[in-house]
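The values are calculated or read from the model by the stated rules, or taken from the named source; none is laboratory data. Just so you know, these numbers come straight off a predicted model, no measurement behind them. Cβ placement follows ideal geometry from the backbone for every residue including glycine, while neighbour counts extend to all protein chains displayed. In case anyone asks, the SASA skips ligands and DNA or RNA and just uses the protein heavy atoms, side chains included. Shrake-Rupley method; radii C 1.70, N 1.55, O 1.52, S 1.80 Å.
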Amino acid sequence: RITTILVAIYFVVTFLIAQLCGENLFDDHYVLLFELCVVVYTFSEGKYHCKYMKYTALSILLADTLTRLDYMFDFMSVET
């Protein structure tokens, strides 16, 4: 459970740094593999992880994947 919580904190901090400081911290694609391993682990353990932790890990993976794809292909442009 602590791994999922730490990944969530990492993702929020990375997103804030990218937005506020203009730093690109989304080039480390190996993080997606780690998040995928966490999702597979939480769904394979059955009773050990609560359903909220399972879907928290899945939402982190999906949000991070969408963010990285948007950074690469810019399909969610925001006009200011």
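Rolling a 1.4 angstrom probe over the protein heavy atoms with all chains in place gives the chain an accessible area of 72 Å² per residue. Kirkwood radius and radius of gyration were both taken over the C-alpha atoms of the chain, and their ratio Rg/Rh is 1.02.
Relative to the first principal axis of the alpha-carbon coordinates of the chain, what is the inclination of helix 2-21, with its axis defined by its Cα atoms, in degrees from 0 to 90 and to the nearest 10? The helix 2-21 is inclined about 10 degrees to the chain. The fraction of accessible area contributed by carbon and sulfur in the chain is 69 percent, rounded to a whole number (1.4 Å probe; ligands and nucleic acids excluded). Compared with the dominant principal axis of the Cα atoms in the chain, helix 30-44 is inclined by about 30°.
Counting only the backbone N, which residues of region 1-17 are under 18 Å from the spot 7 Å out from the Cα of Ser44 toward its beta-carbon? So the set is 1-4. Against the chain, whose longest principal axis is taken from its Cα atoms, helix 51-73 shows a tilt of about 20°.
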